[in-house]
Amino acid sequence: MAIKSKGKTKARPAPKGPRHGPVPVPKPFAQRRWVQLTALFIAGLLAMMSFVWATNGLRRERANKQAASDLASRQQALSQWKAILEPQITAVGQLHGDIPPTVASDVTTALTDLVSKKTTTTKVGALTSSARELGTAAAAIDHFDLAGTITEKGFDIAAAGDLTSSKVEILEALHLYQQAAELAALAVNSPKPLRIQLADHGKSISDSATTLLQSGWNKYASTLKLSLLSAGGSPSVGSGLSGG
């Protein structure tokens, strides 16, 4: 039999833990690839937005300068036309601002009297003088080169068309008033049957003249408003050149 040793048993060493390999140090946040790509994308987006904002600002500035320049050109051209048209209308009538003026009131009154009362207190000399003044006013308006004045002055097609049409209508109205005045002058001393016939014809012509004058003046006044001016000596609309 084997004899057991009574001495102390030698202690076994504790088992060692597993060896770990070297642990890599993580990159700083700012050096990570996805962070850098994201930052580049955001920077590019901001740069593009800044470029678009600056470009739009320059475009707006250029558009505002062009609009101001066009407005000044239109106002200058309209003021030239206004300086011719309105004094001539005042010479044969009365201005009422944007409302169509009253023209040849002595002629229309005489014709109304001749048609309704068969007589009038208006003298032949006064009617003849009115006819002459209406012809003079029409000639002065007709002589003004409106088309040349407004060409390349910032007017769009619609405004230029309205201005041209207004001149034609106002001019034709003055010619018709002139004819009505001449007929009224003839009617005053004519025999009764002829007097009534001449007065009726003159009244019809006068009514047509009034319709044309109203249409032409409305177009004229509306075009002035678009350029911050006003017709007939009334206060200007908004800023800009004086409408008086």
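Observations on the model:
For (1) under 24 Å from ALA83 (Cβ atoms); (2) at pLDDT 95 or above; (3) not small (Gly, Ala, Ser), each residue gets a yes or a no:
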residue: HIS175; (1), (2), (3): yes, yes, yes
residue: LYS192; (1), (2), (3): no, no, yes
residue: GLY202; (1), (2), (3): no, yes, no
residue: TRP217; (1), (2), (3): yes, yes, yes
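- Residue within the range 222-229 that is touching an Asp or Glu at 6+ places or on another chain (Cβ under 6 Å), surrounded by 21 or more Cβ atoms within 10 Å (Cβ to Cβ) and either of a type outside the set (Asp, Glu) or closer than 30 Å to ALA68 by Cβ (or both) present: yes
- ALA11 vs. criteria among the aliphatic types (A, V, I, L, M), exposed (fewer than 10 other Cβ atoms within 10 Å of the Cβ), modelled with pLDDT under 70 and on the phi < 0 side of the Ramachandran plot: yes
- Filter pass, LEU37 being assigned to a helix (DSSP H, G or I), over 23 Å from the mean Cα position of the chain (by Cα) and modelled with pLDDT under 80: yes
- Among the residues examined, SER236 does not qualify as among the polar types (S, T, N, Q), surrounded by fewer than 16 Cβ atoms within 10 Å (Cβ to Cβ), within 30 Å of ALA68 (Cα to Cα) and modelled with pLDDT under 95.
- Of residues in the range 157-209 being without any contact (Cβ under 8 Å) to a residue 24 or more places away in the chain and small (Gly, Ala, Ser), the one surrounded by the fewest Cβ atoms within 10 Å (Cβ to Cβ): ALA158
- Some residue of the range 136-151 being farther than 13 Å from TRP81 by Cα, of a type in the set (S, T, N, Q) and either buried (at least 16 other Cβ atoms within 10 Å of the Cβ) or at pLDDT 95 or above (or both): yes
- Residue satisfying condition, being surrounded by 14 or more Cβ atoms within 10 Å (Cβ to Cβ) and under 30 Å from PRO193 (Cβ atoms), within set LEU95, LEU111, LEU85: LEU111
- Every condition in (1) of a type outside the set (Lys, Arg); (2) in contact with a strand residue (DSSP E or B) (Cβ under 9 Å, 6 or more places away or on another chain); (3) in contact (Cβ under 8 Å) with a residue 60 or more places away in the chain holds for SER105 except the one numbered (3).
The values are calculated or read from the model by the stated rules, or taken from the named source; none is laboratory data. Remember, predicted model here, so these are calculated numbers, not experimental data. Every residue, glycine as well, gets a Cβ built from its backbone with ideal geometry; the counts of neighbours run over all protein chains shown.
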